[in-house]
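Please read the structure below before turning to the comments.
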Amino acid sequence: MAIISKLPNVGTTIFTTMSALATEHQAVNLGQGFPDFPMPEALRDGVSKAMRDGFNQYAPMPGYGPLREKLAEKAHTLYGAAVDPNTEITITPGGTYAIYTALTTLVHPGDEVIVFEPAYDSYIPNIELNGGVAVTIPLTYPEYRIDWEEVKRRITAKTKAIVLNSPHNPTGTVLTDLDIVALRGIVASNPELYIVSDEVYEHLIFDGLPHLSMLRYPELRARSFVCFSFGKVYHCTGWKLGYCIAPPDLMKEFRKVHQFNVFTCFAPAQVALADYLDNKEGYLLLGSFLQKKRDLFLSLMQGSRFEFLPSHGSYFVCAKYGKISDQSDSEFAIRLIKKAGVATIPVSAFYRNGDDHKVVRFCFAKKEETLRAAAQRLVEKIGVKG
């Protein structure tokens, strides 16, 4: 006897497929979004010290108190937000978990949630697991901007929330002041509308642009679950630690879901992070660090036939390949692994219906030697302009 699947349309993800192919063909993996350079040594040592100091039992359900206090200070310093660490911050096992818990808190059967595509692959399954309906709106191509007039048209009496992601995965776009003006107007006109803001790449922002967090704007913050990731900031994605900031009334409901799921997170890492957050350069200089990697990769690929799209944040840059091949992006990505020995991710994987603009995503959060090896293979095996 088989159970009835809650996610009948979900199979093996493209990330699993591409990583398996990369391993099989010994390809340089610029597909999945994780660094291949080490995390800060002081933070690693801090975890060992915390374990030696006896922080090996359950942390409080909302998270280690001193860590929440440091995060509240950080939110105030960066975004001018007066956040109560006791009632408005919860430490979570990763940013993806925070997003899932926020959506589980909000969504009841039949509720609609607006999702902009291409979208991080967890959003739609999270909505559907809770009986909600994902209302997808494509970002304008190739700029990958939000069409706010279309958003207004798609909002109904059933619309519960909008999911935002800036800096954006997979495209590397970021919200602008004009986006915030439009969002403010929509929120003001829809008093029952909430925001789930995926800001896991908050410090991975380039070209002198500011991160326009929902925490900056009181009327938006009052309706928002804002989700963050320590793994993205400190190159320790395997730790699966993040946090959510929300107003007390929203966080009260968030914690009801959280306490009956994981209840609490790995205590020694929370203790270490509380100490390491005193090192503000650890996150303030992250943007320039990753921007150098983006710029290096683009310079190495300058002679190729790929057409790179602007990336102002995240680990990623997207490229059109229409001058190279008329294959689908999935076929082309497989070709890159087999012929060039470089793994990418086809951007159609970030659309529910597989929209294919012949674009692939590269992850540049890698060592310099990794980026040089990948670029050399791509230029030599796929060809140059001419």
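The values are calculated or read from the model by the stated rules, or taken from the named source; none is laboratory data. Just so we're clear, the structure is a prediction, and the values are computed from it rather than from any experiment. Methodologically, a virtual Cβ is constructed for each residue, glycine included, from the backbone with ideal geometry; neighbour enumeration extends over all protein chains shown.
A few comments on the model shown:
- The helices (runs of 4 or more DSSP H) found entirely in region 1-100 that carry 1 or more residues being of a type outside the set (Lys, Arg), without any contact (Cβ under 8 Å) to a residue 60 or more places away in the chain and closer than 28 Å to residue 196 by Cβ are 14-24, 65-79.
- Applying a threshold of 7 Å to beta carbon distances and a minimum spacing of six or more residues, or different chains, the list of pairs starting in region 272-293 at a residue that is more than 21 Å from residue 314 (Cα to Cα) and ending at one that is aliphatic (A, V, I, L, M) and assigned to a helix (DSSP H, G or I) reads 272/43; 272/47; 272/50; 273/67; 274/67; 276/42; 276/43.
- Any chance residue 142 is surrounded by fewer than 16 Cβ atoms within 10 Å (Cβ to Cβ) and without any contact (Cβ under 8 Å) to a residue 12 or more places away in the chain: no
- Residue in region 152-168 that is surrounded by 17 or more Cβ atoms within 10 Å (Cβ to Cβ), within 26 Å of residue 32 (Cβ to Cβ) and touching a Cys at 6+ places or on another chain (Cβ under 7 Å) present: no
Yes/no per residue for (1) among the hydroxyl-bearing types (Ser, Thr, Tyr); (2) closer than 23 Å to residue 181 by Cα:
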{"residue": "213", "(1), (2)": "yes, yes"}
{"residue": "237", "(1), (2)": "yes, no"}
{"residue": "249", "(1), (2)": "no, no"}
{"residue": "260", "(1), (2)": "no, no"}
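- Only helices (runs of 4 or more DSSP H) whose full extent lies in region 203-290 are considered here, and the ones with at least 1 residues that are more than 17 Å from residue 89 (Cα to Cα) and in contact with a Gly (Cβ under 9 Å, 6 or more places away or on another chain) are 230-234, 267-276.
Per-residue answers, yes or no, for (1) at positive phi; (2) under 19 Å from the mean Cα position of the chain (by Cα); (3) surrounded by fewer than 21 Cβ atoms within 10 Å (Cβ to Cβ); (4) modelled with pLDDT of 95 or more:
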residue	(1), (2), (3), (4)
183	no, no, no, yes
187	no, no, yes, yes
196	no, yes, no, yes
199	no, yes, no, yes
204	no, yes, no, yes
234	no, yes, no, yes
247	no, no, yes, yes
258	no, no, no, yes
288	no, yes, yes, yes
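- Of the residues in region 366-373, at least one is more than 22 Å from residue 144 (Cβ to Cβ) and of a type in the set (Asp, Glu).
- So residue 265, is it touching a residue at least 60 places away in the same chain (Cβ under 8 Å) and in contact with a helix residue (DSSP H, G or I) (Cβ under 8 Å, 6 or more places away or on another chain): no
- Positions within region 355-379 being touching a helix residue (DSSP H, G or I) at 6+ places or on another chain (Cβ under 9 Å) and either assigned to a strand (DSSP E or B) or without any contact (Cβ under 8 Å) to a residue 12 or more places away in the chain (or both), in sequence order: 359, 360, 361, 362
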